[in-house]
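Any read-out appearing in this document is the output of simple, stated calculations on the displayed coordinates, not a laboratory observation. Computed from a predicted model, the values in this text were never measured in an experiment.
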Amino acid sequence: MNESDKIFSWDNDVEQPFNCSGPCSSSDAAPLNLETLRQLVRDLRKSQTELEGRMTQRSEELRQTQEQLRIITEHAADLVWLMDFTFKFTFLTDACESLLGYKRTELEALSLDAWLSPAAQEHLSRAAHKRQEIERAGTPTTYLERFEMEHYHKTGRSLWLEVLLSLIHI
């Protein structure tokens, strides 16, 4: 027995009108009888089944999209990262190991000065500040900048990489 069966007793075939008072009442509204209530429950069950089917389909689509993104990020030669405004990583691809010598977990634990030159840190700071100003002004815009930035490899050597900086709000 499901919840709707507990609410409406199907064993009782006595049709008693259901009268509504308050905001749902209307002077010309017909009282709800047992058959009307049964039809409402059937309609709700049908809608629930349709919604569950759509949810299952969307969940599968999401799973497939996530799998595709996983494959892309695992095989990308480019270093892709997302940071919050405190410069903490929220996303980082595995390419950091081939480019900078750090495993992802190592790089996530490091401060910026361990792997970025002071000039690169300043550049990121200015860009983040600019993005915050844009957001405060309420001006929808895409901020995109291409430049070279000095990174430090795990071995300590300098490594100049082209950076495409896009400040996004997630």
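Structure notes:
- Long-range HN-HN contacts of Val163 with modeled amide H, under 5 Å: Phe147, Glu148, Met149
- Just so you know, the Cα atoms of region 106-170 work out to an Rg and Dmax of 13.6, 43 Å.
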